[in-house]
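Novice: There's a structure below that I have some questions on.
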Amino acid sequence: MSRIHLLSPRLANQIAAGEVVERPASVIKEILENSLDAGANKIDVEVEQGGVKLMRIRDNGSGIDKDDLSLALSRHATSKIRALEDLEAVGSLGFRGEALASISSVSRLSLTSRQRDQDNAWQVQTEGRDMDAILEPAAHPEGTTVEVKDLFFNTPARRKFLKTEKTEFRHLDEVVKRLALSRFDVAFQLRHNAKVIHQLRQADSELEQERRVASICGSAFIDNALKVDVAAEASGLRMWGWVGLPTFSRSQADLQYFFVNGRMIKDKVVTHAVRQAYSDVLYHGRFPAYVLYLELDPALVDVNVHPTKHEVRFRESRLVHDFLFRSLHRLIADMRPQDQITAGDEPTTVETMGSALQPPMSSPAQTFEQSRMPLRQSSGASPSYSGGYSQPYSSNNPPVNQVAEQISGYAALHPSEESSALPAESSEHCPPMGYAIAQLHGVYILAENEQGLIVVDMHAAHERIVYERMKQSFEEDVVRSQPLLVPLSLAVSEREADCSEEHASTFKRLGFELARMGEETLVVRQVPVSLAKGNVEQLIRDVLADMLVYGESKRIEQHINELLGTMACHGAVRANRQLTLPEMNALLRDMESTERSGQCNHGRPTWSQMTMTDLDKLFMRGQ
Ligand code: ADP
Ligand code: MG
């Protein structure tokens, strides 16, 4: 072994660069964050060859003092924190003082800056193994330009890890998009090989913000999203943004943006809470789309967990989980078909019959508050709705496992409703989903409402209604449990055993009887009847694991819901069954009043609207 010696600053920086500078995208992230920290409200990014050849970022921020310029390129040099306490409530995106030093050690970097109210601009570059900075006068408006050329020119091993120009640019573009979503008050421009990719003006009004979201995430997203804005005053949490309708799900988790105090993060507590909120309305393996902003006291979140700060740690992760889950769950449950039938200041454009049957479009202007409003035209007072329609199970509450047997078809549920759902005389009482006019090939219900034609997939819609009702009766009913013939003994960790005791009442409510037999042993004596045949051991292990990490678990409910879903599917009215008009109308009224009825149990849409404008276009009327 050779003797110990100190590494040159450049080598030390190159080693540190391994953590933060992986590819052009990571350089862009650091430099844009510096511009935002400097208070810029206009940032131009110019890139050549996916960023590998050149990245030039110009901002109109506060600039850097001449005497600080060379220091900015040194490691552990920052203007953002001074003492450890500052870390507790960091308000800036950066604070580690490493980015510029790291980037300049693996590229040809120059930093040009003019501070506000100064006459001259100055430029620095670093050279050599000791990274001595060369300072020269330069011409530059107020603000800063960072130019990074030939990334990894001096670290060939790392250059080999770079992908094609296209791939590198895609990553870089994604970073710009995220930052552009994080700050509506800043104008961004991105050019690649002299071509303008994004040109985003400052977006102050909600409409402008939605326009920016549309240009970044696609207009289909904003057309199929609900605006949300909820606050929990006691805990000081606020969440706002846009969540995609369940019918606008994706095959990948590629349209999920979550910002915590303006910083884009990926966090498992957050992902879990959102996924759970959507769990009942998404087809297995589909992912929800969202752009969400969480605001909370900076002291309640630790951002110094990861060098690139992609992860955070919430001091009160259970509280955050609970807040996110509850708010989104409520929002999704409250989506009703009529929320999507909006007066329509922007008529949906339809080119072909096929695209008309796309998932229902919602107005971008919908807000959480609106979606929580009671039924618009048809309330309980509407003559067609109040006519003696009774919830089939709420009165007698049969045990869940008998419910399926009781459902044989839609007509059976509504034996004496012939008169109850007939169209009202005056059209001003026309309910949102309108009145049935016919049944198409035994599969679809055609209905006429104020806006035009409504097409309903009757099986899908009924399945959801039956399912929601079963869940409700299940919740109202005490969960019936049955003793196991042979009690099941489980070896668990001490933490898991503690956790099971802590949550004993939850288990009990869900029909389990769990007892602790020792430090690391649990015994299951009783389980819910409906789960008796399932893999109880795996379920309990998974539930305990969830509870340890997220403070709660919905797995038992989910398993029960899955069973109910299967029963609902069998209970729902089959295709090719002739329905009478009153039966069809009753189904439409149920859709209006049932939670989540816009999607079937698998997250597919249950209905679609073709407005008169859509139809006119189809026939080129008035053109
Ligand atoms: P950090 O952002 O963690 O402080 P950096 O290495 O990214 O560390 O930047 C070092 C310092 O250089 C910053 O603290 C800031 O004072 C200054 N700086 C960097 N970029 C800019 C910019 N665009 N405008 C003004 N100051 C900047
Ligand atoms: Mg920085």
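Novice: What is the sum of charges, Lys and Arg at +1 and Asp and Glu at -1, for the other residues whose Cβ falls under 15 Å from the Cβ of GLY91? Intermediate results must be reported in sequence, preceding the final value.
Specialist: Numbers: positive: LYS80, ARG82, ARG96, ARG183, ARG263, LYS309; negative: GLU33, ASP37, GLU85, ASP86, GLU88, GLU295, ASP297, ASP302.
The answer is -2.
Novice: Then there's this: At R0 = 56 Å, how high is the FRET efficiency between LEU446 and ARG495 if r is their beta carbon distance? Nearest 0.05 is fine.
Specialist: Working: r = 58 Å, r/R0 = 1.03.
Result of the calculation: an efficiency of 0.45.
Novice: With +1 assigned to the C-beta of every Lys and Arg and -1 to the C-beta of every Asp and Glu, and no other charges, what is the dipole magnitude of the stretch 445-589 about the Cα centre in debye, to the nearest 20?
Specialist: On the way: 16 positive and 23 negative charges, 118 e Å.
The calculation lands at about 560 debye.
Novice: Output the relative contact order of the stretch 480-567, whole-number percent, from Cα pairs under 8 angstrom with separation of 6+ residues. Display every interim value, and only then the final one.
Specialist: On the way: 111 pairs, mean separation 27.1, N = 88.
RCO, the stretch 480-567: 31 percent.
Novice: If you place +1 on the Cβ of every Lys and Arg and -1 on the Cβ of every Asp and Glu, how big does the dipole about the Cα centre of the stretch 9-200 come out, in debye to the nearest 20?
Specialist: Values: 28 positive and 30 negative charges, 186 e Å.
The dipole magnitude comes to about 900 debye.
Novice: For a protection proxy built on the mean count of beta-carbon atoms within 10 angstrom, sort 547-555, 16-24, 158-166 highest first, please. Intermediate results must be reported in sequence, preceding the final value.
Specialist: On the way: 547-555: 18.4, 16-24: 20.1, 158-166: 12.6.
In descending order of packing, they fall as 16-24, 547-555, 158-166.
Novice: Once R0 is set to 56 Å, what does the formula 1/(1 + (r/R0)^6) return for the Cβ-Cβ distance between GLU136 and THR566, expressed as a FRET efficiency to the nearest 0.05? It would help to have the intermediate numbers written out before the result.
Specialist: Values: r = 74 Å, r/R0 = 1.31.
That gives a FRET efficiency of 0.15.
Novice: For the stretch 9-200, which semi-axes, largest first and in whole Å, follow from the square roots of 5 times the eigenvalues of its Cα gyration tensor? Kindly include the intermediate steps, with their values, before the conclusion.
Specialist: Details: eigenvalues 100, 88, 60 Å².
Computed over the stretch 9-200, the values are 22, 21, 17 Å.
Novice: Note down the Stokes-Einstein diffusion coefficient of the stretch 206-335 in µm²/s, whole number, using a Kirkwood radius over alpha carbon pairs, 10 °C, and 1.306 mPa s. List each step's numbers first, then the result.
Specialist: Working: Rh = 15.0 Å.
Approximately 106 µm²/s, per Stokes-Einstein.
Novice: Restricting attention to the stretch 179-243, which GluC sites (Glu not before Pro) occupy a DSSP loop and are surrounded by at most 11 other Cβ atoms within 10 Å?
Specialist: On the way: sites: GLU206, GLU208, GLU210, GLU233; in loops: GLU233.
Sparse-neighbourhood loop GluC sites (Glu not before Pro): GLU233.
Novice: Can you give me the distance in nm between label points at VAL523 and ASP616, each placed 7 Å from the Cα along the Cα-to-Cβ direction?
Specialist: The two pseudo-label positions are separated by 7.5 nm.
Novice: Taking 37 °C and 0.692 mPa s as the conditions, I'd like the Stokes-Einstein D for the stretch 458-580 in µm²/s, using the Kirkwood hydrodynamic radius from alpha carbon pairs. If you can, show how the numbers build up before the last one.
Specialist: On the way: Rh = 15.8 Å.
Once the numbers are plugged in, D ends up at 207 µm²/s.
Novice: I want the local charge near THR606. Using Cβ-Cβ distances under 10 Å, sum +1 for each Lys or Arg and -1 for each Asp or Glu among the other residues.
Specialist: For residues surrounding THR606, the net value is +1.
Novice: Over 23 Å between Cα atoms, which of LYS53/LYS195; LYS166/LYS309; LYS80/LYS166; LYS29/LYS53 qualify?
Specialist: Details: LYS53/LYS195 15 Å; LYS166/LYS309 25 Å; LYS80/LYS166 35 Å; LYS29/LYS53 17 Å.
Checking Cα-Cα distances, LYS166/LYS309; LYS80/LYS166 exceed 23 Å.
Novice: Also, I was wondering about something else. Counting only other residues whose beta carbon sits under 15 Å from that of ARG170, what net charge do I get with K and R as +1, D and E as -1? Can you show the working numbers first?
Specialist: Values: positive: ARG23, LYS29, LYS163, LYS166, LYS177, ARG178, LYS195; negative: GLU22, GLU165, GLU168, ASP173, GLU174, ASP254.
The answer is +1.
Novice: Mind checking which of CYS217, GLN189, VAL228 is farthest towards the positive end of the stretch 162-236's charge dipole, using Cβ charges of +1 (Lys, Arg) and -1 (Asp, Glu) about the Cα centre?
Specialist: GLN189
Novice: For the stretch 517-584 and the stretch 138-206, what is the centre-to-centre distance using only Cα atoms, to the nearest Å?
Specialist: Between the Cα centre of the stretch 517-584 and that of the stretch 138-206, the gap is 47 Å.
Novice: Work the Kirkwood hydrodynamic radius out for the stretch 1-44: mean of 1/r over every pair of different alpha-carbon atoms, inverted, in Å.
Specialist: Values: mean 1/r = 0.0777 Å⁻¹.
One decimal place: 12.9 Å for the Kirkwood radius.
Novice: Treating only the Cβ of Lys, Arg, Asp and Glu as charged (+1, +1, -1, -1), what charge dipole size does the stretch 206-335 show about its Cα centre? Round to the nearest 20 debye.
Specialist: 380 debye
Novice: Right, here's the next one. Sorting check: for 191-198, 490-497, which peptide has the highest mean count of neighbouring beta carbons within 10 Å, and how do the rest follow?
Specialist: Values: 191-198: 13.4, 490-497: 15.2.
Highest to lowest by the protection proxy: 490-497, 191-198.
Novice: Next up: Would you mind estimating how fast the stretch 156-245 diffuses translationally, via Stokes-Einstein at 20 °C and 1.002 mPa s with the Kirkwood radius over Cα pairs, in µm²/s? Each step should come with its number before you reach the end.
Specialist: On the way: Rh = 15.3 Å.
Estimated diffusion coefficient is 140 µm²/s.
Novice: Which part of the stretch 507-537 falls in the paramagnetic zone of GLN482, meaning amide N under 16 Å from the point 7 Å along Cα-to-beta-carbon?
Specialist: Within reach of a label on GLN482, which here means backbone N under 16 Å from a point 7 Å along Cα→Cβ, the stretch 507-537 contributes 511-513, 525-536.
Novice: Dipole of the stretch 9-200 (Lys/Arg Cβ +1, Asp/Glu Cβ -1, origin at the Cα centre): which of SER79, LEU151, GLY61 lies farthest to the positive side?
Specialist: The residue sitting farthest along the positive end of the dipole is LEU151.
Novice: Using only the Cα atoms of the stretch 1-83, each taken as one equal point scatterer with no solvent, compute I(q) by the Debye sum, divide by I(0), and report log10 of the ratio at q = 0.14, 0.25 Å⁻¹.
Specialist: So the normalised log intensities are -0.63, -1.38.
Read the figures in this text as sums done on the coordinates, not as results from a lab. This one's a predicted model, so the numbers in the text were calculated from it and none came from an experiment. All Cβ positions, glycine included, derive from the backbone under ideal geometry; neighbour counts span all protein chains shown.
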